[in-house]
Every structure is written in C-alpha cells, then in structure tokens.
Amino acid sequence: MDTTPESYLDLFPLEAIVYLTPDSENVLEDIDPDKVYVLGGLVDESIHKQLTLRRAREQCLQTARLPIREYMVKAANSRNYHSETLAINQVFDVLSTYYETRSWPVALRAGVSSGKGYVLPDTEEQ
C-alpha cells in the first residue's frame with residue numbers, strides 16, 4: 001500500500017475509479033484489477049446520508065456498493081436495526097477476503113458484523 005497527500009482524482013483516470021458507497025444503485029459483482037476502488041468514509045452515518053454518493057457524482061465517478069442485500073438477509077433483532085454502512089476496515093476486510101476467495105458469502109461473513117443486522121441465510125437461525 002502506498003500513501004500520498006495527492007488526491008485520487010489527480011493520480012488515476014476518472015474512468016478507472018470506482019467509488020464505493022452503500023448508497024449506490026450499482027452492485028459490485030467482481031473486483032477488476034484495472035480499476036481503483038475508493039472507500040467512501042464518514043464518521044457519522046446518521047447525519048450524512050448519501051454524502052458519499054453525492055461526492056462521487058460531483059466528481060463524475062462510477063459508484064458501486066457491496067452486495068450485502070444480494071447475499072445476506074435481515075436478521076430479527078430487538079432494535080429492528082439494519083445497516084449496510086460499514087466502517088472502512090470492514091469494507092477493506094470484505095474486499096481483501098473476496099479477492100483471495102472469490103466468494104462473496106465468505107467475504108461478507110469476514111467483514112459484516114452481526115451488529116449491522118444482516119446475516120448470511122445459513123446463519124439466520126443462530
């Protein structure tokens with residue numbers, strides 16, 4: 001991993017950038033090694049709904065979201081809480097596990113905590 005004070009907009013062509021945001025209508029189906037994935041991150045999800053999606057659109061970037069809805073189900077919980085918004089480290093864990101295994105269920109199990117209110121269908125009863 002390299003770090004730099006430069007913006008990703010200055011380092012990569014716009015068509016190569018995919019901004020990951022839970023508010024995207026596009027589902028990330030596979031990781032393309034020719035793309036650069038930007039993890040949109042915020043401190044407080046309740047105050048800044050759709051901010052990362054708006055930011056990506058303002059920058060004319062492609063967007064995608066993790067396939068949580070496609071592979072996971074809402075688990076019954078006392079708070080009736082379900083969120084597809086993950087911390088940066090959780091998104092990174094999902095992406096790196098998917099890259100290694102090529103399995104979304106394995107990757108989502110690795111990165112999406114049960115506290116988000118989503119589980120894989122085979123663990124729904126647990």
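General remarks:
- Taking (1) at pLDDT 95 or above; (2) over 12 Å from Val112 (Cβ atoms) in turn, His48 satisfies each apart from (1).
- Filter pass, Val36 being of a type in the set (Val, Ile, Thr) and modelled with pLDDT of 90 or more: yes
- Scanning segment 45-65 for residues that are open to solvent by 50 Å² or more (accessible area, probe 1.4 Å) and among the small types (Gly, Ala, Ser) returns a single hit, Ser46.
- Single residue of segment 66-80 satisfying the filter (out of contact with any Ser or Thr (no Cβ under 9 Å at 6 or more places or on another chain), closer than 7 Å to Tyr118 by Cβ and of a type outside the set (Val, Ile, Thr)) that is least open to solvent (accessible area, probe 1.4 Å): Met72
- Among the residues of segment 92-126, those that are open to solvent by 20 Å² or more (accessible area, probe 1.4 Å), small (Gly, Ala, Ser) and modelled with pLDDT of 95 or more comprise Ser96, Ser103.
- Here is the figure for segment 90-126: residues that are part of a helix (DSSP H, G or I) and over 14 Å from Thr21 (Cα atoms) total 21.
- Residue within segment 47-66 that is in contact with a helix residue (DSSP H, G or I) (Cβ under 8 Å, 6 or more places away or on another chain) and part of a helix (DSSP H, G or I) present: no
- Taken together, Ser83, Ser24 contain a single residue that is assigned to a loop (DSSP other than H, G, I, E, B), modelled with pLDDT under 95, touching a strand residue (DSSP E or B) at 6+ places or on another chain (Cβ under 7 Å) and open to solvent by less than 40 Å² (accessible area, probe 1.4 Å), which is Ser24.
- Scanning segment 1-17 for residues that are in contact with a helix residue (DSSP H, G or I) (Cβ under 9 Å, 6 or more places away or on another chain) and at pLDDT 95 or above turns up just one, Ile17.
The values are calculated or read from the model by the stated rules, or taken from the named source; none is laboratory data. Everything numeric here is computed off the predicted structure, so don't read it as measured data. Here the Cβ is made from the backbone with ideal geometry for all residues, glycine too, and neighbour counts use every protein chain on show. Side chains included, ligands, DNA and RNA excluded: accessible areas come from the protein's heavy atoms. Shrake-Rupley method; radii C 1.70, N 1.55, O 1.52, S 1.80 Å.
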